Amino acid sequence: MAVPIGRHLNQENLDQENAALRELVTVYRYLSGLALQDADLAGVVRLISDRTSATVAVLTQLMDVLTAAAPGVSAEKAAADVREHMVHPRLGQVLRAS
């Protein structure tokens, strides 16, 4: 039986939304577990980085890196990479404005 295109797209969107919600629940559970263990900020940043497969950093108002994490590299390397990107003057302006 042929499925109308509109119906297929709706099912595809629904599947994507369900996957995103499942991931959100998983991250919530991990964060709850970290909170119960009195995890430090670095642990939370590492979790978010692992789950999003992205570089994550927490900066001070003066743009110093408090902690950073990135997939497949040490925290020190992730922090160095973030610092390297922070030298771009436009990025500093954007972050200061937020």
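Read-outs: derived from the displayed coordinates by stated rules, not from any lab. This is a predicted model, so every value here is computed, not measured. Here Cβ is always computed from backbone atoms with ideal geometry, including for glycine, and neighbour counts include all displayed protein chains.
Once both labels are modelled 7 Å past Cα along the beta-carbon direction, what's the Arg29-Val94 spacing in nm?
Between Arg29 and Val94, the label points sit 3.5 nm apart.
Here are several values of Cα extents along the principal axes in Å: (1) 87, 42, 9; (2) 61, 33, 26; (3) 60, 38, 26. Which one was derived from the coordinates shown?
Label of the calculated value: (3).
Summing +1 for each Lys or Arg and -1 for each Asp or Glu, what net charge is found among the other residues whose Cβ lies under 14 Å from the Cβ of Tyr30?
Overall, the nearby charge balance is +2.
Expected output is a single nm value to one decimal: the length gained when fully extending between Val58 and Glu76, i.e. 0.36 nm times separation in residues minus the C-alpha distance. What is it? Don't skip to the end; give the middle numbers.
Numbers: separation 18, 0.36 × 18 = 6.48 nm, distance 1.33 nm.
Once the chain is fully extended between Val58 and Glu76, it gains 5.2 nm.
Please give the net charge around Arg83, taking every other residue with its beta carbon less than 11 angstrom from that of Arg83, where Lys and Arg add +1 and Asp and Glu add -1.
That works out to -3.
How many nm separate the modelled label positions at Leu14 and Leu36, each set 7 Å beyond the Cα in the direction of the Cβ?
In this crude spin-label approximation the distance works out to 3.3 nm.
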